[in-house]
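The values are calculated or read from the model by the stated rules, or taken from the named source; none is laboratory data. The model shown is predicted, which means the values in this text are computed figures rather than measured ones. When we count neighbours, we look across all protein chains shown, and the Cβ atoms used for this are built from the backbone with ideal geometry, even at glycine. What goes into the accessible areas is simple: the full protein's heavy atoms, side chains included, and nothing from ligands, DNA or RNA. Shrake-Rupley method; radii C 1.70, N 1.55, O 1.52, S 1.80 Å.
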Amino acid sequence: SLSLSLSPPPTPTRFSPPPPPTMSRAIPLEEQVIKGRNALDASFVEPLHMLPYVPAEDDGDGAVYEARHDHLSVLAADIGTLLKMSHQRFWCSVIHDASVLHAVNSYLQYAPRWYDTPVAAGPEALAAVPASTVRAVADVERRINQLMFLLVVRMATHKESNRCFLKPATYAEIVYENWVFDLPKLLDLCAIYGRSNADVVGKVVTNLFEVQPKYFDDLRDAVHNIIEALDQTLAAYSGTADSAADVQAYCLDVGETVSPFLDVFPRAADEFEGQDLLGHLCRFYNLLGAVAQENEAAMALLGLGNRLLSHGYLRLAHGSCEDGSVLGRMLDRLSQLAAQGPFVRHLDHAHGFVAATAQTYRDAPRLEAYQKLRSLLAEQRDKGGTPPSLLPPVRVNGGGIGGGGGGGG
């Protein structure tokens, strides 16, 4: 017979794979050395000599119109070149090439806002401009609008990838000390892009305030300057048609600049409330009522006032207001302003705000202010209608502020 002896299989040799190659630690840009120089050294800059943005002229002829197209085309190409740069080259240019920030500043300052009246050459001048040139100017304007937004977003980003980044502390120092961003820029950014790109603009603004707290001090100064400018504009009003037009233009600009800023960064409302922006809005609104009923400037003032009230009510509803002093002062101030004209009556959110604050702060002085304000609102509502709702109701836990016009009790 055939006997098979099956021996156990040999014990497999233990195999230990070689260790993975050591990954070099990602080094932040400010610590990198290239050819013996710090990566952010000015010697790495190749100046772009970027052109500033030029707004349209209302008295330009056909030649000026075409020259502006050529100018804007060069600017768009330069922005595209900047966006294609490596992380290191990009930040060297932002920091050391003065023409970059000059171009950004000029665009944020002079770019058309959505509420601006379009400016164009006169019909005689336009008659000599080919239709293709007119379309080309509109196309390059749109292209610059898109490219400039991408440029601002890149400047607001301290980390592009795991290997292309700046330390947050270094980034905070760079953008602040080099005036890459400041409060006027952020307000202009919100005015231009806040309506169409609210989420991204909100992240940009919030990130800058979080990474660089010094912007909160600048915010306080900026609000003071806005309030001071409002006082000066009011003092300069002479009652003439030209003076009235100046007041309306300024009110429209303030309302449509500050409102989107508060939409994307509600924390700023505290500063505006603390410097009595509501009182200034009331005085201008009452003045505009005598100049032109329900014009765009008046609507902008109402929209801004509603945002201030919405912010206060939302903090109250979510229990995020530990100190009732700000909301209490707003309630007291609304009571005073309601007796001065129709502004408070026309605020969609006034009734919901005063009711919510009165339910929360039940001390006698606040209840007295609430009762007085409620009576004034009811009395003024009986005297006339209110403008249509400017903002959708702000809903909190199924509730809302101001269902329709400003009249609901």
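Below are the figures for this structure:
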| quantity | calculated |
| --- | --- |
| Residues of segment 79-90 classified as closer than 12 Å to GLU46 by Cα and either small (Gly, Ala, Ser) or under 25 Å from the mean Cα position of the chain (by Cα) (or both), total | 2 |
| Which numbered condition GLY279 misses (of (1) without any contact (Cβ under 8 Å) to a residue 60 or more places away in the chain; (2) touching a Gly at 6+ places or on another chain (Cβ under 9 Å); (3) surrounded by fewer than 22 Cβ atoms within 10 Å (Cβ to Cβ)) | (2) |
| Per-region count, segment 218-268, residues open to solvent by 10 Å² or more (accessible area, probe 1.4 Å) and outside any helix (DSSP H, G or I) | 4 |
| Single condition ASP199 does not satisfy, out of (1) free of Cβ contacts under 8 Å to residues at least 24 places away in the same chain; (2) farther than 30 Å from LYS167 by Cα; (3) part of a helix (DSSP H, G or I) | (2) |
| Residue match in segment 46-56 (condition: over 27 Å from GLU141 (Cβ atoms) and modelled with pLDDT of 80 or more) | yes |
| Of all residues making up segment 92-113, the number that are open to solvent by 20 Å² or more (accessible area, probe 1.4 Å) and under 15 Å from LEU72 (Cβ atoms) | 2 |
| Residue among GLN275, GLN359, GLN293, GLN340 that alone is more than 27 Å from the chain's Cα centre (by Cα) and modelled with pLDDT of 80 or more | GLN340 |
| Test: residue in segment 68-81 that is part of a helix (DSSP H, G or I), surrounded by 18 or more Cβ atoms within 10 Å (Cβ to Cβ), out of contact with any strand residue (DSSP E or B) (no Cβ under 9 Å at 6 or more places or on another chain) and among the hydroxyl-bearing types (Ser, Thr, Tyr) | no |
